[in-house]
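Below: the structure, in structure tokens.
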Amino acid sequence: MSNLYRRFEILLPLQFNDGQAVPQELFAETVLELRQRFGSVSSEPETIRGQWQHEGHTYHDRLVRIFVDVTDTPEARQFFVEYKERLKTRFRQLDIWLTTYPLEVL
């Protein structure tokens, strides 16, 4: 078994940019898709608070983090590049913060 993995972390908003709460079904759909694709997915219950600016307006975000550890392949990376665009539409966001970094599993 290869021990070269990559973690993909996604910050998802608890509210749309207009302030309305994101339905829980959207989170459940996202988690299910990732579990079906990669076999596992993790999330953290803590709310992450963020602030960012766009075109002179300051946004205050409340976010949750979900993450997936996968074998480090070009195919996995491409999946997440494309998946980010789907998430931007699903959660009605200008952008979705999706980060990645290498993992060494001992």
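Readers should treat all values here as calculations from the given coordinates under stated rules, not as data from a laboratory. Keep in mind it's a predicted model, so treat the numbers as computed, not measured. Positions of Cβ are generated from backbone atoms using ideal geometry, with glycine treated the same way; all protein chains shown enter the neighbour counts.
Pairs of Cα atoms nearer than 8 Å and 6+ residues apart set the relative contact order; for segment 16-98 it is 28 percent.
Simple point charges give the picture: +1 on the Cβ of Lys and Arg, -1 on the Cβ of Asp and Glu, and for the chain a dipole about the Cα centre of about 40 debye. Shape descriptor for segment 50-103: Rg over Rh equals 1.03 (Cα atoms; Rh from the Kirkwood inverse mean 1/r).
From the alpha carbon gyration tensor of the chain, can you work out the equivalent ellipsoid semi-axes (sqrt of 5 times each eigenvalue) and give them in Å, largest to smallest? Each step should come with its number before you reach the end.
On the way: eigenvalues 136, 42, 33 Å².
The answer is 26, 14, 13 Å, longest axis first.
Of the GluC sites (Glu not before Pro) found in segment 28-72, the ones in coil according to DSSP and having at most 13 other Cβ atoms within 10 Å of their Cβ are GLU55.
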